Amino acid sequence: MSRTFEEVREEAMELSLEERSWLAEQLWESARTREEREIDAAWDVEIDRRIAEIDAGTGLLIPGDEVIRELRAKYGQRSRRS
């Protein structure tokens, strides 16, 4: 006889915080598609590349307020709630 969702959930809630966190991560990872994992891996490579550029002093850093101004000029002003 297989256990119900509620039984499994109740048992999982008895685990330590660290064990629940590990279980949640494992469950989340098991639900992701191969494509999602590939996209994340590609982003990890890109993030590492950008960090290396910043550390080497070769990365182009643009202040956030300047980026927002440029985006608003290009796409128009929108409220935060739209």
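The values are calculated or read from the model by the stated rules, or taken from the named source; none is laboratory data. Source: prediction; values computed, not measured. Here Cβ is always computed from backbone atoms with ideal geometry, including for glycine, and neighbour counts include all displayed protein chains. For the accessible areas, the whole protein counts, side chains as well, though only heavy atoms, and no ligand, DNA or RNA atoms are used. Shrake-Rupley method; radii C 1.70, N 1.55, O 1.52, S 1.80 Å.
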Which is modelled with pLDDT under 95, under 15 Å from the mean Cα position of the chain (by Cα) and either loosely packed, with under 10 Cβ neighbours inside 10 Å or not hydroxyl-bearing (Ser, Thr, Tyr) (or both), of Glu46, Glu36, Glu29? Glu29
Checked pairs for the range 57-82, first within 18 Å of Ile47 (Cβ to Cβ), second modelled with pLDDT of 90 or more and surrounded by 10 or more Cβ atoms within 10 Å (Cβ to Cβ), C-beta under 9 Å and 6 or more apart or across chains, list as Thr58/Ala52; Gly59/Arg50; Gly59/Ile51; Gly59/Ala52; Gly59/Glu53; Leu60/Glu53; Leu61/Ile54; Ile62/Glu70
Would you tally the residues in the range 9-26 being open to solvent by less than 70 Å² (accessible area, probe 1.4 Å) and hydrophobic (A, V, I, L, M, F, W, C)? 4
